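Below you'll find the structure, written out as structure tokens, and then a few comments.
The values are calculated or read from the model by the stated rules, or taken from the named source; none is laboratory data. Not measured: the values here are computed from a predicted model. Here the Cβ is made from the backbone with ideal geometry for all residues, glycine too, and neighbour counts use every protein chain on show. All accessible areas refer to the heavy atoms of the entire protein, side chains included, with ligands and DNA or RNA removed. Shrake-Rupley method; radii C 1.70, N 1.55, O 1.52, S 1.80 Å.
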Amino acid sequence: MFQSSSTKLLQELACRHLDQAAEKLAIANQYIFQAIEKLTTLHGYRDDYISRFEYSLSHGVKIEVLKNHQKFIEKLADAISGQEKLIENLNITAKKEMFAWQGQQKKKMSYDVLLQRLRQKEYALEMKRDQKLTDEFATRARKVI
């Protein structure tokens, strides 16, 4: 019984660690989702400013305004590049969290299997004890007769 209770405790700890790993993975995936949304927004801003820039070019505008548009488009391009790098890093982090989650899942499953085996052994021992008691009872009953 001591083995199964200590194994049960280890299984519960593994279950908690698995839950924590799942939470970290979910958070990592949420960060990726948010970063992708921001990247999409940045692409939209850039496309809008490129359209405005092209419109300004075709309709004649002061050179200062064109330079400002061009500088802003360059800043948006830098922001997009930075956001893409952030997404790459977040993907790496998410993969690490996925591996950690899988490792915790394997650990929990191994404790599940071990606990199941211990319970089966305990059940078999209990059945043997019951059979022995039944045999003793039958033997005593025969002696009395």
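Quick notes
- Within segment 69-98, being out of contact with any Lys or Arg (no Cβ under 7 Å at 6 or more places or on another chain) and closer than 13 Å to Ala26 by Cα holds for Leu90, Asn91, Thr93, Ala94, Lys95, Lys96, Met98.
- Test set (1) surrounded by 12 or more Cβ atoms within 10 Å (Cβ to Cβ); (2) under 25 Å from Glu12 (Cα atoms) - Gln120 fails condition number: (1)
For (1) open to solvent by 70 Å² or more (accessible area, probe 1.4 Å); (2) more than 14 Å from the chain's Cα centre (by Cα), each residue gets a yes or a no:
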site	(1), (2)
Asn29	yes, no
Ser58	yes, yes
Lys67	yes, yes
Asp78	yes, yes
Lys108	no, yes
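- Screening Gln104, Gln83 for residues that are closer than 30 Å to Glu12 by Cβ, open to solvent by less than 60 Å² (accessible area, probe 1.4 Å) and not hydroxyl-bearing (Ser, Thr, Tyr) leaves exactly one candidate, Gln104.
- The residue of segment 31-47 that is least open to solvent (accessible area, probe 1.4 Å), among those that are modelled with pLDDT of 95 or more and of a type in the set (Ser, Thr, Tyr), is Thr41.
- Test for Leu125: is it out of contact with any Pro (no Cβ under 8 Å at 6 or more places or on another chain), within 28 Å of Ala14 (Cβ to Cβ) and either basic (Lys, Arg) or touching a residue at least 60 places away in the same chain (Cβ under 8 Å) (or both): no
- Look at (1) modelled with pLDDT of 90 or more; (2) over 30 Å from Leu13 (Cβ atoms) and you find that Glu54 fails only one, number (1).
- Scanning segment 110-145 for residues that are of a type in the set (A, V, I, L, M, F, W, C) and within 48 Å of the chain's Cα centre (by Cα), we see that the one that is farthest from Ser6 (Cα to Cα) is Met127.
- Taking the listed residues Leu10, Leu18, the one that is touching a Phe, Trp or Tyr at 6+ places or on another chain (Cβ under 8 Å), open to solvent by less than 40 Å² (accessible area, probe 1.4 Å), closer than 30 Å to Arg117 by Cα and touching a residue at least 24 places away in the same chain (Cβ under 8 Å) is Leu18, with no other qualifying.
- Qualifying residue in segment 30-51 (condition: of a type outside the set (A, V, I, L, M) and closer than 30 Å to Tyr111 by Cβ): yes
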